[in-house]
Amino acid sequence: MLASKLPKVGTTIFTRMSQLAVETGALNLSQGFPDFDSPAPLREAVARHIAAGHNQYAPMTGLPALRQQVAAKVLALYGCNADADSEVTIVPGATEAIFCAVQALIHPGDEAIVLDPCYDSYEPSVELAGGRCVHVPLALPDFSIDWQRLADAITPRTRLIFINSPHNPSGALISRDDLDRLAVLIRDRNIHLISDEVYEHLVFDGVRHASVLAHEELYQRAFVVSSFGKTYHVTGWKTGYVVAPPALSAELRKIHQYVTFCGVTPLQYALADFMIEHPEHIAELPGFYQSKRDLFCDLLRGSRFTFNRAAGTYFQLADYSAIRPDLDDVAMAEWLTREHGVAAIPVSVFYQDAPRDLRLVRFCFAKREETLRQAAEKLRAV
């Protein structure tokens with residue numbers, strides 16, 4: 001008999017809800033991907049590079065041209081003068097980046113702190129490294145850091161703290177003041193950070209993203225993870241990157257080279273070209289997604305759902321307490337999908353121990369206007 005290394009892990013809720021949406025013909029606002037295409041010049045660049053024969057292994061650390069574009073971007077946006085050769089690594093997706101960073105940091109018996117609700121890959125990565133996750137709930141209703149609980153959770157075994165901003169699933173943001181406070185908390189401790197910033201360009205209402213890359217003290221002990229998939233509407237390309245100081249990057253690369261070795265070559269060429277030729281894309285992205293958030297929220301105002309508009313990401317939480325308080329959020333998500341034709345994600349799945357009275361579901365608004373209008377019409381009828 002095979003003894004599972006992840007006995008508590010099954011098929012993810014994202015896969016299950018997307019499959020249920022297919023089976024029922026529901027509009028899929030559950031899994032976080034767009035239903036519209038990426039920019040035409042980006043797609044054309046891929047075809048051009050495939051035709052040009054750029055189809056063999058890229059360098060393990062990533063195509064130099066793409067690493068240089070990432071370094072230029074983080075310098076322009078965050079003032080971080082990262083060296084493209086020793087501090088930027090291109091990887092096949094942010095999830096792999098997180099996995100490799102965890103394997104580089106965590107030894108058997110070590111502890112990693114996660115702030116619940118959190119992305120579902122964090123804990124399995126820690127467990128596979130022989131570590132243990134300590135779950136610290138974010139403070140409701142605004143999903144802010146409970147600093148006393150975080151301080152109390154730190155032990156001599158703590159080696160890693162995960163932070164995520166903009167935050168999935170809530171859309172909440174970490175501020176510069178939060179980063180300063182975190183720096184004070186861990187200053188004299190042997191603790192590293194994984195800063196999950198895959199939605200870094202999806203920050204709304206004129207607010208600037210507070211990146212660890214812009215915090216010189218924290219950056220010295222951090223892996224900062226981002227995603228080309230989220231930024232360029234190509235989640236299926238599974239291409240991301242990590243920026244970290246040279247010593248940390250060297251350790252991550254030791255793991256990365258034995259997991260996938262390198263990312264997909266023509267995609268890296270295409271992304272480098274697009275970043276050079278279309279720098280306006282990143283500048284326009286907050287407004288692009290804010291208009292979708294505002295459309296969806298405006299349309300939901302005639303429903304019985306209650307919500308505060310997301311400050312970031314392309315997810316909107318909605319409270320259904322006035323509709324079916326008798327259902328937990330997993331049952332509610334299934335009921336919405338089967339009975340009302342809109343698939344959502346229950347927020348409790350992002351927790352180790354969710355509050356019993358949690359009545360929140362997550363909708364993805366990275367959709368065409370037609371999709372959002374159709375979904376909102378169905379939700380107003382609930």
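The values are calculated or read from the model by the stated rules, or taken from the named source; none is laboratory data. Just so we're clear, the structure is a prediction, and the values are computed from it rather than from any experiment. Backbone-built Cβ (ideal geometry, glycine too); neighbour counts: all protein chains shown.
State whether the residues of the range 162-173 include one that is closer than 30 Å to L63 by Cβ, assigned to a strand (DSSP E or B) and among the hydrophobic types (A, V, I, L, M, F, W, C). Yes; the residues of the range 162-173 include at least one that is closer than 30 Å to L63 by Cβ, assigned to a strand (DSSP E or B) and among the hydrophobic types (A, V, I, L, M, F, W, C). Every condition in (1) of a type in the set (G, A, S); (2) in a helix (DSSP H, G or I); (3) within 22 Å of Y78 (Cβ to Cβ) is met by A151 except one, and the failing one is (3).
Of everything in the range 310-329 that is crowded, with 22+ Cβ neighbours inside 10 Å and small (G, A, S), the residue that is nearest to the chain's Cα centre (by Cα) is G312.
Looking across the range 67-97, the residues that are part of a helix (DSSP H, G or I), under 16 Å from the mean Cα position of the chain (by Cα) and crowded, with 24+ Cβ neighbours inside 10 Å come down to A94, A97. Scanning the range 220-241 for any residue that is closer than 19 Å to P59 by Cα, in a helix (DSSP H, G or I), in the same structural domain as L66 (by TED's automatic domain parsing) and modelled with pLDDT of 95 or more turns up at least one such residue. Just one of (1) surrounded by 11 or more Cβ atoms within 10 Å (Cβ to Cβ); (2) not assigned by TED's automatic domain parsing to the domain that holds G236 fails for L2. It is (1). For the condition without any contact (Cβ under 8 Å) to a residue 24 or more places away in the chain, more than 18 Å from Y232 (Cα to Cα), under 24 Å from the mean Cα position of the chain (by Cα) and assigned to a helix (DSSP H, G or I), A104 does not qualify. Considering the range 112-148, and only residues there that are in a loop (DSSP other than H, G, I, E, B) and in contact with a strand residue (DSSP E or B) (Cβ under 6 Å, 6 or more places away or on another chain), the residue that is surrounded by the fewest Cβ atoms within 10 Å (Cβ to Cβ) turns out to be D146.
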